Amino acid sequence: MSATTAPNFLLDTRGVHRALDAFVVGCAFDRTGRTAAFALGDGALHLVKLSDRENWTRVAVHDGATLALAPDIAPSGFVSGGDDGGLRRIGSDGEMGDISSFGMKWVEHVASFAGEKGKGGLLACAVGKHVHLFDQSGAKLKQLEHPSSVTGLVFDARGKRVAASHYNGASLWFVAAKTDSPRRLEWKGSHTGIAISPDGDNVITAMQENALHGWRLSDGQHMRMSGYPAKTHSLSFTRNGKWLASSGAESVVLWPFTGGGPMGKAPTEVAGGDGVQCTRVACHPTQEIVAAAFNDGLVVVAEIASGRIAPIAPPGHGPVSALAWSPDGAQLAFGTEAGFAAVLDLSGR
Amino acid sequence: MAESSQTAEQVPVTVLTGYLGAGKTTLLNRILSENHGKKYAVVINEFGELGVDNDLVVDSDEEVFEMNNGCVCCTVRGDLIRIVGGLMKRRDKFDGIIIETTGLANPAPVAQTFFVDDTVRAKTRLDAIVTVVDAKHLPQRLEDSHEAEDQIAFADVILLNKTDLVTPQELEEVERRIRAINRFAVIHRTERASLPIAQVLDQGAFDLQRVLQREPAFLTDDEHEHSDEITSVSFEVEKPIDPERFNAWIGLLLADKGPDLLRTKGILAYANDDRRFAFQAVHMIADGDFIGPWKEGEPRISRIVFIGRNLNRPQLRRGFESCQAA
């Protein structure tokens, strides 16, 4: 980019934004896509209704920091976990209820599965070594124990299994199993985050040693993806499962999951060149497009095949710490460590 | 970036070690209840003992993880990496972090966490390791456990507590034993862990700028050098150091003897450089950077300190001397 052709960032023309007063821990859209939420380090949740996006609602949810945010099972609303041990449900109008409380322990990860036709929704949270599983009504189904603290939590695309990363590997649990014994995916070292491919066959973890590790479930093949200058904090598969996008380098690192997987192949890199660390990635819910956010506040959207970049937000609002697409892929939300939060409408006009 | 200081934004972390019953919890309660106008996040592992109501108390299970980086003694506290990350999200709510370790804990994984993890390094700085020891029972602890010795060896500040339970002669003897292990730590004699908090917190002991600032006059006694007891030795040379020779020597030494070398610290005068180079290591994990220039007229003497087991004094001395520029 030369100085004379400054990119036309979309933040002002397509977005609404606020300077909130705390670290943006996470952002999400509810399942209707009508409301966005920003979870903050001061325990508050800021709700933005897209039909009235100038008026944001602040809800005090946790007494301490919010640590995790996910869309609720129900069509609207959110679920959040905090360092006050609370697992709470927040409706899109700001009404709030307790799902569970874990006392002194932190609720560090939250994941949800929508279910089908209003049935079979699931909610999971990680507290220390345990994953707690709840049904749609908030009733507790089971508690799953791991050999060490859980560092990442994800449902597969069909809600059949839930996977947790931890020290020396990951555990994969069948949600409906009568006897709870996980499939243990073992690899020495500290695993710090997790993703499952849309077809459910690949489990990928981020590792303390600036690398990714993967297991192909169908044949037990291990996958090692290394070369990152920093730890990967964000992993996202494209909807078609062809690419795994990852943070931790000065570009978006995309591993190919076609034709036998990433083994022996070089990753594709997009949105690089500025010498700034990528902190967050989020693949578009339908297209082969990835949103990427950086340590200087830059947010871009990149088309994977062509590598073409659309600039979304300029540097300057602090390291980006949260990034999410709406379910239809028309809206993008992001937030930063400095408390900057924005929602952009990227739909065709 | 190497010269710029980020310390203003980095949260100071104090690690509190000590055997069960030595007085750690008493000290912690003092820190939390005294009116010093500061707020601390506290990471503990035995919640029941802490009598103070503090909404920033984090209950944690110590999770010591091995690193896959080819370093046999490199372990980190996985739980601390997670907790520090979580606490940073509410950064504006506290002035420092205090980590209490269990009585039997080896301090190395805690210290190494602050060298190894990038996020922890960027957001926090290890301020000091504070070890509380019981004047009456320390001799027995040193007989029956490695950990008691390790905790003293790693300490920057030692509270020699429960001095009211021993005679002056016993106190002298126990202090002599501490000095034989670690002659560089600051020792405070206390009853019921009572001392001004400023003597424990904000010590800057791991700050490269202050690596050897507190070093006492060089001692020449060579007692207590048998086999697996921890001792400390230091050397100085007057001729400038050749950086390449030093790096080659220290790299090999840490790789070879890392498990025995608990802490290594040095201030070096490199040939043709007006800045002081500060170096420190915990086992094999090392860190070094240029700090401020030598003062006008100050003798440019390079010094290095080792605290560890099986220290071969003549060999270490010859090694360090061989790093002098030709």
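Here is how the numbers come out for the structure above:
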quantity: Pairs where the first residue, in segment A:218-234, is closer than 13 Å to A:Q208 by Cα and the second is open to solvent by 20 Å² or more (accessible area, probe 1.4 Å) and part of a loop (DSSP other than H, G, I, E, B), C-beta under 7 Å, 6+ apart; calculated: A:Y228/A:N210; A:P229/A:N210; A:A230/A:N210; A:A230/A:Q277; A:K231/A:N210
quantity: Near pairs, Cβ below 6 angstrom, 6+ apart or cross-chain, from segment B:263-277 (in contact (Cβ under 8 Å) with a residue 24 or more places away in the chain) to any residue that is among the basic types (K, R) and open to solvent by 30 Å² or more (accessible area, probe 1.4 Å); calculated: B:I267/B:R276; B:I267/B:R303; B:A269/B:R300
quantity: B:S322 surrounded by fewer than 15 Cβ atoms within 10 Å (Cβ to Cβ) and at pLDDT 95 or above; calculated: yes
quantity: Neighbours by Cβ (under 6 Å, 6+ apart or cross-chain): first from segment B:185-197, charged (D, E, K, R); second assigned to a strand (DSSP E or B) and modelled with pLDDT of 90 or more; calculated: B:R189/B:L160
quantity: Only listed residue being touching a residue at least 40 places away in the same chain (Cβ under 8 Å) and within 14 Å of chain B (Cβ to nearest Cβ), chosen from A:G248, A:G241; calculated: A:G248
quantity: Members of segment B:124-146 that are under 23 Å from B:A205 (Cβ atoms) and surrounded by fewer than 18 Cβ atoms within 10 Å (Cβ to Cβ); calculated: B:H146
quantity: Within segment A:141-163, considering residues that are within 20 Å of the chain's Cα centre (by Cα) and within 14 Å of chain B (Cβ to nearest Cβ), the one farthest from A:D201 (Cα to Cα); calculated: A:S149
quantity: Selection from segment A:29-60 of residues that are open to solvent by less than 10 Å² (accessible area, probe 1.4 Å) and not aromatic (F, W, Y); calculated: A:D30, A:T35, A:A36, A:A37, A:A39, A:L40, A:G41, A:G43, A:A44, A:L45, A:L47, A:V48
quantity: Filtered residue count, segment B:147-173, keeping only those that are free of Cβ contacts under 8 Å to residues at least 40 places away in the same chain and open to solvent by less than 10 Å² (accessible area, probe 1.4 Å); calculated: 2
quantity: Breaking point among (1) open to solvent by 10 Å² or more (accessible area, probe 1.4 Å); (2) closer than 27 Å to B:G23 by Cα; (3) within 14 Å of chain A (Cβ to nearest Cβ); (4) assigned to a helix (DSSP H, G or I), for B:R82; calculated: (2)
quantity: All strands (runs of 3 or more DSSP E) inside segment B:270-326 with 3 or more residues being closer than 20 Å to B:I230 by Cα and either of a type outside the set (K, R) or in the same structural domain as B:M67 (by TED's automatic domain parsing) (or both); calculated: B:275-282, B:302-309
quantity: Residues that are within 28 Å of B:R90 (Cα to Cα) and under 19 Å from the mean Cα position of the chain (by Cα), drawn from segment A:284-311; calculated: A:A291, A:A292, A:A293, A:F294, A:N295, A:G297, A:L298, A:V299, A:V300
quantity: Residue selected from segment B:85-105 under the condition of a type in the set (G, A, S) and not in a loop (DSSP other than H, G, I, E, B), by the criterion nearest to the other protein chains (Cβ to nearest Cβ); calculated: B:G86
quantity: Strands (runs of 3 or more DSSP E) lying entirely in segment A:287-328 (those with 1 or more residues that are touching a Cys at 6+ places or on another chain (Cβ under 9 Å) and either open to solvent by 30 Å² or more (accessible area, probe 1.4 Å) or touching a residue at least 60 places away in the same chain (Cβ under 8 Å) (or both)); calculated: A:289-294, A:320-325
quantity: Given (1) of a type outside the set (D, E); (2) crowded, with 18+ Cβ neighbours inside 10 Å; (3) in a strand (DSSP E or B), number of the condition A:H222 does not satisfy; calculated: (2)
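One line per residue, one yes/no per condition, for (1) under 11 Å from the mean Cα position of the chain (by Cα); (2) among the β-branched types (V, I, T):
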site	(1), (2)
B:V116	no, yes
B:R121	no, no
B:L126	yes, no
B:V133	no, yes
B:L142	no, no
B:E149	no, no
B:A153	yes, no
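The values are calculated or read from the model by the stated rules, or taken from the named source; none is laboratory data. Quantities reported herein were computed from a predicted structural model and do not represent experimental measurements. Cβ atoms come from the backbone with ideal geometry, glycine included; neighbour counts cover every protein chain shown. Remember, those area values only see protein heavy atoms, side chains included, never the ligands or the DNA or RNA. Shrake-Rupley method; radii C 1.70, N 1.55, O 1.52, S 1.80 Å.
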